[in-house]
Amino acid sequence: MDSIRIGGGRRLVGTIPISGAKNAALPLMIASLLTEETLILDNVPELADVNLLTRILGNHGLDLTVDGKRAGESDRPGRTYRLTAGEIVDTTAPYELVSRMRASFWVLGPLLARCGQAKVSMPGGCAIGTRPVDLHLMGLSALGARIDVDGGYVVASAPGGLVGTRIAFPKVSVGATHNVLMAATLARGETVIENAAREPEIGDVAECLNKMGARISGIGTSTLRIDGVDRLGGARHEVLPDRIETGTYAMAVAAAGGEVELEGARADLLESALQVIRATGAEITNTNSGIKVTRNGGALKPVDVETQPYPGFPTDLQAQLMALVATAEGTSHIRETIFENRFMHVQELVRLGAEIHLDGEVATVRGVAALKGAPVMATDLRASVSLVIAGLVAKGDTVINRVYHLDRGFERIEEKLGRCGADIERLAG
Ligand code: UD1
């Protein structure tokens, strides 16, 4: 198993290109199941999760070409994906695949809408809390699907097709919104989703679906209206930039010091996070091609932050923020309100010398003068990148084990940071 070694203490100077958003690319790829025509996606990031999803979709009969070549013909996958689900050959998504990535559960809605049936394993993914799927099932049942849970599988059918209705989610869920939104595009009549998640990736998918012929309004708000259509067609769409990758590198620069331009980043996608990063003492400015993050000397300041659904501070940046304020001058409070148990990075940060006290959903971080390098273990995607940030500021060497978590969501991280002067290398294991 690969590991990453980081020699801490270097400032970051240069340019980091921001990739397409993982959390948009995955549902966009899944949306291709809704039509027999070709969906062309540009700016697809090269990530383990994307590769795994292509295998899952291939199982349903999806044909994929990457940059005009069949997948596998090129050892460096390109960034334009042509996805064609001419015929759905299998409506079952098996445990072996779905258990490895939670988002693959979202094939349920599209398969059900297009084929009138689907059997999808209950999901796996990052081990952060219990992560149920009750809201997904509630939404699809409301659209008229019959749903049974049997042997770890969700078995859904709607032989007469789905029928539009009003769905008010009791809690904001990104995945349930994606699943129901995609299903509703092919339902008869109008569907209204209230308390829909407003994450920019949902808007990106909705815009792509509209290019495919769907009729979705209210994009960007918490009430989505979908006028069902008989069929969807092909389209071409560019995946929006990754706001979590953007925030992560912005925090890395804030922590390590230096000046880095995040090329292709869109500040409007992560205002609340940028505000917090500014509050720690970094300067953030818009440039012609993205945003620039600067911190030259001066102590880091502590912050009090609570994770919230968009447009609030994202849970996917919580671990990274904790690494950033670990060396602030003063005490920070970070409350995690989205996922229980999303604090696995805490014990690893403590191994590096951070002083963090956990009490329920609140982490109190008492800034220390310096972190010290040590061997640590990556436990999930965002936790592992928080260890990278800590490693960049720690004195001496930090070795992060189990970095396959990083490869799920961060494209060429050691190359991107290395080009900005970080002492970082991948050790093949
Ligand atoms: C998505 C993101 C993930 C991000 C999360 C929250 C992708 C691929 N993943 O995950 O990176 O951290 O949004 O922004 O886009 N819940 C229920 N019942 C359900 C569904 C969810 O109770 O049926 C709960 C969850 O346990 C959690 C909260 O709702 O407490 C939010 O989860 P959700 O927004 O659904 O997260 P994901 O879509 O899995």
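Quick test of your reading of the structure: PHE339 fulfils all but one of (1) in contact with a Pro (Cβ under 9 Å, 6 or more places away or on another chain); (2) within 16 Å of the ligand (Cβ to nearest atom). Name the failing condition by number.
So PHE339 meets the others, but not (1).
Identify the single condition in (1) without any contact (Cβ under 8 Å) to a residue 40 or more places away in the chain; (2) loosely packed, with under 15 Cβ neighbours inside 10 Å; (3) of a type outside the set (Ser, Thr, Tyr); (4) under 27 Å from ILE356 (Cβ atoms) that ASN286 does not satisfy, given that it satisfies every other one.
That leaves (4) as the condition not met.
Could you tell me which numbered condition GLU201 fails, if it satisfies all but one of (1) away from the ligand (no atom under 16 Å from the Cβ); (2) buried (at least 21 other Cβ atoms within 10 Å of the Cβ); (3) under 23 Å from the mean Cα position of the chain (by Cα)?
The single condition GLU201 does not satisfy is (1).
Strands (runs of 3 or more DSSP E) wholly in region 314-414 with at least 2 residues that are touching a strand residue (DSSP E or B) at 6+ places or on another chain (Cβ under 7 Å) and not aliphatic (A, V, I, L, M) - which ones? Show your work before the answer.
Details: elements: 331-335, 355-359, 362-366, 375-377, 397-401.
By residue number, 331-335, 355-359, 362-366, 397-401.
So, in region 26-58, exactly how many residues are touching an Asp or Glu at 6+ places or on another chain (Cβ under 8 Å), at pLDDT 95 or above and of a type outside the set (D, E, K, R)?
Of the residues in region 26-58, 4 are touching an Asp or Glu at 6+ places or on another chain (Cβ under 8 Å), at pLDDT 95 or above and of a type outside the set (D, E, K, R).
Could you list all residues from region 370-421 that are among the polar types (S, T, N, Q) and farther than 24 Å from VAL44 by Cβ? Reasoning before the result, please.
Step one: of region 370-421, the residues among the polar types (S, T, N, Q) are 379, 384, 386, 398, 401.
Of everything in region 370-421, those that are among the polar types (S, T, N, Q) and farther than 24 Å from VAL44 by Cβ turn out to be THR379, SER386, THR398, ASN401.
Looking only at region 164-202, which residues are of a type in the set (A, V, I, L, M, F, W, C) and within 20 Å of SER272 (Cα to Cα)? Spell out the reasoning first.
Going through region 164-202, the residues of a type in the set (A, V, I, L, M, F, W, C) turn out to be 167-169, 172, 174, 176, 180-184, 186-187, 192-193, 196-197, 202.
Matches in region 164-202: VAL172, VAL174, ALA196, ALA197, ILE202.
Cβ-Cβ under 7 Å, sequence separation 6+ or interchain: first residue in region 202-219 and over 20 Å from ASP42 (Cα atoms) and in a strand (DSSP E or B), partner polar (S, T, N, Q) and modelled with pLDDT of 95 or more. Which pairs?
Partner pairs satisfying both residue conditions: ILE216/ASN210.
To keep it simple, each residue is scored yes or no on (1) surrounded by 18 or more Cβ atoms within 10 Å (Cβ to Cβ); (2) of a type in the set (Phe, Trp, Tyr); (3) more than 27 Å from ARG198 (Cα to Cα); (4) touching a residue at least 40 places away in the same chain (Cβ under 8 Å).
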| position | (1), (2), (3), (4) |
| --- | --- |
| ALA252 | yes, no, no, yes |
| GLY290 | yes, no, no, yes |
| THR294 | no, no, yes, yes |
| GLN318 | yes, no, no, yes |
| ALA326 | yes, no, yes, yes |
| GLY330 | no, no, yes, no |
| ALA369 | no, no, yes, yes |
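Of all residues in region 35-49, count the ones that are under 22 Å from the mean Cα position of the chain (by Cα) and either more than 11 Å from the ligand (Cβ to nearest atom) or outside any helix (DSSP H, G or I) (or both). Steps first, please.
So the first thing to find is which residues in region 35-49 are under 22 Å from the mean Cα position of the chain (by Cα), and the list is 39-49.
Checking which are either more than 11 Å from the ligand (Cβ to nearest atom) or outside any helix (DSSP H, G or I) (or both) leaves us with 39-48.
The total comes to 10.
In the set VAL180, VAL155, which member is within 20 Å of HIS136 (Cα to Cα) and assigned to a strand (DSSP E or B)?
Matching residue, one of VAL180, VAL155: VAL155.
Of everything in region 297-313 that's among the hydrophobic types (A, V, I, L, M, F, W, C) and assigned to a loop (DSSP other than H, G, I, E, B), which residue is nearest to the ligand (Cβ to nearest atom)? Break it down stepwise before answering.
Here is the first cut: in region 297-313, the ones among the hydrophobic types (A, V, I, L, M, F, W, C) are 299-300, 303, 305, 313.
Imposing the further condition that a residue be assigned to a loop (DSSP other than H, G, I, E, B) reduces the set to 299-300, 303.
Working: ALA299: 30, LEU300: 25, VAL303: 20 Å.
Here the residue is VAL303.
Every residue in region 143-175 that is near the ligand (Cβ under 9 Å from one of its atoms) and among the polar types (S, T, N, Q), please.
SER173
Within region 122-142, is there a residue that is assigned to a strand (DSSP E or B), at negative phi and either at pLDDT 95 or above or within 16 Å of the ligand (Cβ to nearest atom) (or both)? Can you show your working first?
So in region 122-142, the residues assigned to a strand (DSSP E or B) come out as none.
The answer is no; no qualifying residue exists.
Return the residue satisfying two criteria in turn: it lies in region 263-292 and is of a type in the set (A, V, I, L, M, F, W, C) and over 18 Å from the mean Cα position of the chain (by Cα), and of such residues it is nearest to ARG10 (Cα to Cα).
Keep residues of region 263-292 that are of a type in the set (A, V, I, L, M, F, W, C), which gives 265, 267, 269-270, 273-274, 276-277, 279, 282, 284, 291.
Then drop every residue that is not over 18 Å from the mean Cα position of the chain (by Cα), which leaves 276-277, 279, 282, 284, 291.
Values: VAL276: 23, ILE277: 19, ALA279: 22, ALA282: 16, ILE284: 20, ILE291: 21 Å.
The extreme case among them is ALA282.
The values are calculated or read from the model by the stated rules, or taken from the named source; none is laboratory data. This structure is a prediction, so every number in the text was calculated from the model and none was measured. Neighbour counts are summed over all protein chains in view; Cβ atoms, including those assigned to glycine, are modelled from backbone coordinates with ideal geometry.
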